[in-house]
Amino acid sequence: MGKIPKSEHNDRRELIHLLHDIQEKHGYIPPEAIFVIARKLRITESEIYGVLTFYKGFSLTPRGKHLVTICMGTACHVRGAPRILDEFSRRLNIEPGKTTEDKQFTLETVNCVGACALGPIAITDGKYQGQLKTTDVAKLVDGIRDGDAEGS
Ligand code: FES
C-alpha cells in the first residue's frame, strides 16, 4: 500500500506553526523567512502571504516590545472604543497600526475578540482589560512602563 500523501490541512498547520515560531522569535515575519519557508514547504511565497493577510495575528513589519490591541467591533464601538483608541493614540503619540519610535509600543485594532459583554476592551501584551474608561488608559500605559523599569 502506498504512502498517504500529507493533506493540505497538515501543510497549512505546519506553515502556521512555522510562522508562529518566527513571529515569536523576531516579533514579525521578515521577508527572508517567507522565502525560506516557501522553499522548505514547496509552496509559493504568495500562498504564504495569503495566510499572513488572513490571520491578523501575524505582522510583516517589526512590532514594538509591547502590543496594545483595541477592539473596534460593533459592541465595543458603541461602548466607547473610539475614545479608548484615541486616548491610547494620544498617550503613546502614535496612530493605530504604528509603533513608537523607541520600539516600546505598537498600537493595533481588531474587530471583535469574542468578549463583547466586557467592552470596550484593550488587550495589552495578551491580557484582556475590559470595561475600560479613558481614565484607565494612562494607568495601563504607566503600568507597562513601570513593569519594564522594575525588570531592568
Ligand atoms: S466587539 Fe469587542 S469583543 Fe466583541
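Derivation of every value follows stated rules applied to the coordinates shown; laboratory data play no part. These numbers were taken from a predicted model, which means no experiment stands behind them.
Things to note:
- By the Stokes-Einstein formula, at 0.890 mPa s and 25 °C, segment 8-54 with its Kirkwood radius over alpha-carbon pairs has D equal to 233 µm²/s.
- Only lysine pairs 8 or more places apart, or on different chains, with alpha-carbon atoms under 19 angstrom apart are counted in the chain, and they number 13.
- For segment 134-142, the Karplus equation 6.51 cos²θ - 1.76 cosθ + 1.60, evaluated at θ = phi - 60°, returns couplings of 4, 5, 7, 5, 4, 4, 5, 5, 4 Hz by residue, with Gly and Pro reported as x.
- Amide hydrogen proximity for GLY64: with H placed 1.01 Å from N in the peptide plane, the residues at 5 or more positions away or on another chain lying under 5 Å are THR106.
- Residue-averaged 222 nm ellipticity for the chain, from DSSP H runs of 4+ at -39500 (n - 2.57), nearest 500: -15500 deg cm²/dmol
- Computed from the Kirkwood radius of its Cα pairs, the Stokes-Einstein diffusion coefficient for segment 37-147 at 20 °C and 1.002 mPa s stands at 144 µm²/s.
- Less than 5 angstrom separates the built amide H of SER59 from those of ILE29, all sequence-distant by 5 or more or on a different chain.
- Annotation: extensible slack from ARG39 through LYS25 equals 3.0 nm (criterion: 0.36 nm per residue apart, minus Cα-Cα distance).
- You can think of it this way: the chain between VAL78 and ALA115 has 11.9 nm of extra reach, that is 0.36 nm per residue less the Cα-Cα gap.
- For segment 123-140 and segment 97-116, distance of Cα centres in Å: 12 Å
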